[in-house]
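The values are calculated or read from the model by the stated rules, or taken from the named source; none is laboratory data. Bear in mind the structure is a predicted one, so any value in this text is a computation, not a measurement. Using ideal geometry, Cβ is built from the backbone for each residue, glycine included, and neighbour counts are taken over all protein chains shown. Each accessible area value is taken on the protein alone, full model and side chains, heavy atoms only, with ligands, DNA and RNA left out. Shrake-Rupley method; radii C 1.70, N 1.55, O 1.52, S 1.80 Å.
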Amino acid sequence: MKKKSKNYLLIGIISMILGIIISVQFRVVQGNFLEGSNPFTRLQELNNAYTSVLAERDVLLSEIDEYQTKLNEIESDASRDNYLIKNLTNELEEYKLLGGFLDVNGEGIQIILDNPVNDISKSSDANIIYEYDLINILVNELNAAGAEAISINDERIISISEIRTAGNAVVINKVPQYPPFIIKAIGSKTTLEGAVNQRFGIVSTLREMGYFVEVKKNDQIEILKYNGIIEFNYAKTLKN
Amino acid sequence: MIIAIIGIILGVIVGYYIPITASGVFSIYFSVAILAAIDSLFGGIRANLEERFDSIIFISGFFGNSILAFALAYIGDQLGVPLYYAAVFAFGTRLFNNFSIIRRHMLKRI
């Protein structure tokens, strides 16, 4: 009988330890870890949030288009009546073109840049996402060769455009982009092609590193406008 | 059985008030360790009912199983293979086995 009560005591103590561990664990999980939900529900929540944000973005983009057409209508209406406004509108169009706020087309080249093709014989963990400096060099080469408009995955490269790796994407105009990167440039197609394809140039460097690069000359290339707003908070015009 | 339930309730109350927190990173390891501990506890109750309870085996099983489960989960994470499935499967199966035997003993007594 004495042994039995000792056994019960032991079981009681051990269950108490178990209870302590359970409650500590409960507190951790309910507290800060994953905001109280288990990984699977959390995944679902994030997925839902992502889809709704995507839908929201599409709605906002279409709204931008709508307002843009409305604005164009108002501008053309006004310029029809007044010679001065007509002149100003023409000037405005010119500056928009310079700034990259108009869709443009013309002859140029298209470069497709992608990760190495999976090949069993040579394993490689090269990832173009981490070589954003090479993309920068490529854009630089195109600019040097007289490109008049450049876009990467339909993100127009303008004066404030950044190209940098963030997480597992390359962020261009603050929008994450994933490979394959389709780089379009409008300009003299032979000059542009020659500039990137020169010996020991950027394309050969990329190919040497194993990346897939394809350069195509094209008579009709369409480059979309920059879809955003530039705000100047710090720079002020100097008057002299 | 009753003493175990009382013990767990007491432990939960004590654990709720003591200021110990584990890192959320170890959450999964702790859950597996808890499963192992529950299994050992059920094993102990069963052995007690069958009158072949050994305190050394019980205590070593309790801590040993927990540590093994914890270690398995941790190593599995480092290797990229979810090894804690093994612990969940083994202890889960045994847990239900032990519980069914305890149930039979209890029902026989009534």
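Rolling a 1.4 Å probe over the protein heavy atoms of segment B:24-109, with every protein chain left in place, gives an accessible area that is 70 percent carbon and sulfur. Neighbouring Cβ atoms from other chains, within 10 Å of the Cβ of residues in B:62-72, number 1 on average. When Lys and Arg each count +1 and Asp and Glu each count -1, what net charge do the other residues less than 13 Å away from A:G194, Cβ to Cβ, add up to? In short, +1. Put simply, the convex hull of the Cα atoms in segment A:106-223 casts, on average, a shadow of 7.1 nm². Each part gets one Cα centre, and for segment A:192-240 versus segment A:4-25 those centres are 68 Å apart. When only alpha carbons are used to place a centre, segment B:2-76 and segment A:140-167 end up 60 Å from one another. With 19 Å as the limit, the listed pairs A:K174/A:K225; A:K184/A:K225; A:K70/A:K96; A:K70/A:K184; A:K6/B:K108 have A:K70/A:K184; A:K6/B:K108 beyond it between alpha carbons. Rounded to the nearest angstrom and listed largest first, the equivalent-ellipsoid semi-axes of segment B:24-109 from its Cα gyration tensor are 28, 13, 9.
Which value, in debye to the nearest 20, gives the size of the charge dipole of segment B:24-109 about its Cα centre, when Lys and Arg are +1 and Asp and Glu are -1 at the Cβ? I would put it at about 440 debye.
Rounded to the nearest 20 debye, the dipole size of segment A:106-223 about its Cα centre is 80 debye, using +1 on the Cβ of Lys and Arg and -1 on the Cβ of Asp and Glu.
Peptides A:46-56, B:8-18, ordered by how many other C-beta atoms sit within 10 Å of their residues on average, highest first, read B:8-18, A:46-56. Taking springs between alpha-carbon atoms closer than 10 angstrom, which of A:I230, A:I13, A:I85 fluctuates most in the Gaussian network model of chain A? Most flexible of the set in this elastic network: A:I13. Of the complete DSSP H runs in chain A, those spanning 20 angstrom or more by Cα along the long axis with a mean Kyte-Doolittle score not below 0.0 are A:2-30. A helix-only calculation puts the protein assembly as shown at -20500 deg cm²/dmol for mean residue ellipticity at 222 nm, using -39500 (n - 2.57) for each DSSP H run of at least four residues, averaged over all residues. When all alpha carbon pairs of the protein assembly as shown are counted in 10 Å bins from zero, the resulting P(r) reads 5, 15, 18, 14, 11, 11, 11, 8, 5, 2, 0, 0 %. Put a plus charge on the Cβ of each Lys and Arg, a minus charge on the Cβ of each Asp and Glu, and nothing anywhere else: the dipole of segment A:111-176 about its Cα centre is then about 140 debye.
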